[in-house]
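Below is one structure; the comments refer to it alone.
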């Protein structure tokens with residue numbers, strides 16, 4: 001057992017493969033930040049407690065699992081939060097239709113309520129059996145229930161649940177060796193922090209990335225885009241990011257990465273006008289390169305042996321391929337003001353589209369096979385696209401459909417072509433276990449109520465995005481796709497628009513609070529969005545809660561779905577206040593909330609001084625947030641905000657402040673700035689005990 005950093009240990013067996021996330025990583029372990037975390041100083045297990053051996057299949061690993069432990073993680077898992085007693089295959093797949101482990105972003109990392117984490121460094125389709133089986137003979141001395149034969153499903157299958165001490169069994173196919181990393185606690189949150197800092201720390205998005213996003217109709221032309229852009233500003237709908245779908249290119253599925261001047265004549269003038277209106281532009285793309293693309297011929301020697309959608313699959317593990325792909329994006333897009341990209345459909349598909357991606361038997365010039373490349377393609381893309389933004393000194397926040405291990409430093413948010421609202425909520429709760437960000441984007445709605453409920457979830461999520469690729473007009477005008485296309489609008493669309501505007505404004509008000517949460521993610525590895533069990537691991541009532549989550553340090557969000565006028569919410573120990581009314585609730589209990597259509601249950605920890613900004617229509621480069629301090633409880637006296645220029649990498653050189661805001665006994669406000677940033681991004685205008693949005 002080798003100590004890698006404070007609280008991080010490595011066990012090496014045999015000869016690990018060359019192509020693993022750790023061996024191919026470009027990010028650095030945040031050793032200094034890891035050193036600041038307190039820990040017991042001993043690995044979670046002694047080396048003799050871990051069984052590792054070579055088999056005909058590959059590598060077999062067994063790790064201890066006590067009877068009372070619960071297991072979380074494995075990347076973005078949309079069908080389950082608590083994986084105890086389950087089998088998980090770490091395989092990227094765009095159609096995670098069942099609770100098998102398949103995911104847009106599977107990660108061979110898990111954490112336990114016992115307060116530790118385990119990462120198996122592989123790009124293979126590893127399978128984790130999380131206490132599913134006992135060793136031969138282990139049941140010989142068990143005390144069985146008196147009923148010998150089950151006569152119901154509960155009785156029959158209940159007998160199959162293993163009791164007593166178990167193991168996490170890991171099957172890594174093909175490998176002849178493996179590195180296993182252990183992360184100390186003392187609790188789940190600390191283990192996750194260590195994993196994120198081991199990965200390179202969390203990302204810090206630009207301030208504008210935390211505003212509202214809108215993706216336009218896939219068939220939109222220049223005049224359609226500009227009509228929407230002007231309408232949003234005229235209707236006072238806050239929007240920061242305007243996204244283009246496939247039609248901006250001359251070829252898509254696969255991609256040319258060249259503007260279509262037929263659909264977007266004078267596209268540079270269009271972009272300039274959008275920039276003058278303070279929109280950030282995001283472009284959809286695939287990784288797959290069409291033969292007409294200017295980078296096709298130079299990428300061909302550095303691509304896999306199978307095409308996808310009649311395009312090359314560049315081997316982005318190679319520096320030559322990364323350089324070609326990155327430099328094209330730099331010269332043609334980033335240098336011309338494009339703020340980010342959306343990488344679509346890079347996550348394979350086993351259940352819907354046979355031609356969705358390359359086969360597992362594909363071979364790449366680097367020596368990687370298709371299986372390994374599937375599990376790492378999303379991370380390679382993120383690293384490649386981040387490079388031109390680093391060179392330009394500009395931060396981005398972008399989207400990606402596949403990710404994996406060690407991804408927390410990359411400023412990319414996951415999304416999906418799935419549509420189930422409850423599944424999307426579970427994604428927000430679970431993504432924080434594995435260094436991932438997830439967008440429960442609004443992709444479609446069955447009714448105005450459904451639209452409002454989905455927007456409420458997304459404004460309290462890592463990325464507030466409306467993906468309106470199916471409709472030419474805003475969804476508040478008409479949610480029915482066919483009617484929207486025909487221009488048949490709802491009679492009360494102005495009322496629906498006004499509700500949506502208020503929700504957008506709530507998101508804009510939360511930016512200082514969210515930006516501070518992301519700063520902690522960057523510096524300390526603490527996820528900005530987390531399942532309740534991460535904050536309350538000693539409360540078994542939180543272990544299975546997958547429809548509520550923590551946002552930052554003080555806010556608990558419990559979304560509602562269409563058709564439900566009320567819902568129950570379990571509040572952990574302590575005192576909580578309603579975000580909307582400041583009403584007090586004692587924790588350790590379950591409450592029923594019926595907040596009406598325009599609100600969802602949002603609770604704030606007693607004693608929180610919550611900084612809420614006056615909503616802006618967009619976040620300009622030099623924006624100064626006019627902040628009102630909302631006191632939740634009589635003892636709410638202090639808050640701390642992170643402050644920097646909001647867009648560059650100067651913070652890495654120490655150009656940032658921590659702003660401590662205190663309320664004096666006479667009700668006046670006192671601020672103290674500590675740091676080297678000379679600007680001011682916050683202006684404090686007063687104290688309130690109720691929302692005025």
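The values are calculated or read from the model by the stated rules, or taken from the named source; none is laboratory data. Remember, it's a predicted structure, so these values are computed and weren't measured experimentally. When we count neighbours, we look across all protein chains shown, and the Cβ atoms used for this are built from the backbone with ideal geometry, even at glycine.
A few points about this structure:
- Among the residues of the stretch 69-112, the one identified as at positive phi and surrounded by fewer than 23 Cβ atoms within 10 Å (Cβ to Cβ) is 85.
- Among the conditions (1) within 20 Å of residue 404 (Cβ to Cβ); (2) touching a helix residue (DSSP H, G or I) at 6+ places or on another chain (Cβ under 7 Å); (3) surrounded by 23 or more Cβ atoms within 10 Å (Cβ to Cβ), the only one that residue 362 does not satisfy is (3).
- Search result, residues across the stretch 220-229 that are loosely packed, with under 15 Cβ neighbours inside 10 Å and either touching a residue at least 24 places away in the same chain (Cβ under 8 Å) or not assigned by TED's automatic domain parsing to the domain that holds residue 468 (or both): none
- Counting the residues of the stretch 16-41 that are in contact with a strand residue (DSSP E or B) (Cβ under 7 Å, 6 or more places away or on another chain) and either under 25 Å from residue 381 (Cα atoms) or in a loop (DSSP other than H, G, I, E, B) (or both) gives 3.
- Single residue of 413, 352, 400 found to be under 25 Å from the mean Cα position of the chain (by Cα) and farther than 22 Å from residue 428 by Cα: 352
- Residue 195 falls short on exactly one of the conditions (1) within 30 Å of residue 271 (Cα to Cα); (2) part of a helix (DSSP H, G or I); (3) touching a strand residue (DSSP E or B) at 6+ places or on another chain (Cβ under 7 Å); (4) in contact (Cβ under 8 Å) with a residue 60 or more places away in the chain, and that condition is (1).
- Screening 358, 333 for residues that are touching a residue at least 12 places away in the same chain (Cβ under 8 Å) and closer than 23 Å to residue 259 by Cβ leaves exactly one candidate, 333.
- Identity of the residue in the stretch 491-534, under 20 Å from the mean Cα position of the chain (by Cα) and not in a helix (DSSP H, G or I), that ends up surrounded by the most Cβ atoms within 10 Å (Cβ to Cβ): 527
- Sole exception among (1) at pLDDT 75 or above; (2) surrounded by 15 or more Cβ atoms within 10 Å (Cβ to Cβ) for residue 139, by number: (2)
- Selection from the stretch 342-359 of residues that are at negative phi and either in contact with a helix residue (DSSP H, G or I) (Cβ under 6 Å, 6 or more places away or on another chain) or not assigned by TED's automatic domain parsing to the domain that holds residue 413 (or both): 343, 346, 358, 359
- Residue within the stretch 536-545 that is outside the structural domain of residue 223 (by TED's automatic domain parsing), within 18 Å of the chain's Cα centre (by Cα), in a loop (DSSP other than H, G, I, E, B) and farther than 26 Å from residue 443 by Cβ present: no
- For the stretch 591-605, the criterion of a residue being over 30 Å from residue 449 (Cα atoms) and not in a strand (DSSP E or B) is satisfied by no position.
- Residues that are surrounded by fewer than 21 Cβ atoms within 10 Å (Cβ to Cβ) and out of contact with any strand residue (DSSP E or B) (no Cβ under 8 Å at 6 or more places or on another chain) within the stretch 617-646 comprise 617, 618, 620, 621, 622, 623, 634, 635, 645, listed in sequence order.
- Residue in the stretch 560-608 that is farthest from residue 500 (Cα to Cα), counting only those that are in contact (Cβ under 8 Å) with a residue 60 or more places away in the chain and in contact with a strand residue (DSSP E or B) (Cβ under 8 Å, 6 or more places away or on another chain): 582
- For the stretch 445-455, the condition holds for at least one residue, the condition being that it is farther than 20 Å from residue 517 by Cβ, touching a helix residue (DSSP H, G or I) at 6+ places or on another chain (Cβ under 7 Å) and in a loop (DSSP other than H, G, I, E, B).
- Per the listing 338, 324, the residue uniquely modelled with pLDDT of 95 or more, more than 21 Å from residue 126 (Cα to Cα) and part of a loop (DSSP other than H, G, I, E, B) is 338.
- Selection within the stretch 1-41: residues that are at pLDDT below 95 and more than 29 Å from the chain's Cα centre (by Cα). The member of this set that is nearest to residue 168 (Cα to Cα) is 1.
- For the stretch 595-608, the count of residues that are surrounded by 15 or more Cβ atoms within 10 Å (Cβ to Cβ) and over 28 Å from the mean Cα position of the chain (by Cα) is at least one.
- Residue 52 surrounded by 23 or more Cβ atoms within 10 Å (Cβ to Cβ) and either assigned to a loop (DSSP other than H, G, I, E, B) or in contact (Cβ under 8 Å) with a residue 12 or more places away in the chain (or both): no
- Tally, over the stretch 549-580, of residues that are part of a loop (DSSP other than H, G, I, E, B) and either farther than 16 Å from residue 595 by Cβ or out of contact with any helix residue (DSSP H, G or I) (no Cβ under 6 Å at 6 or more places or on another chain) (or both): 13
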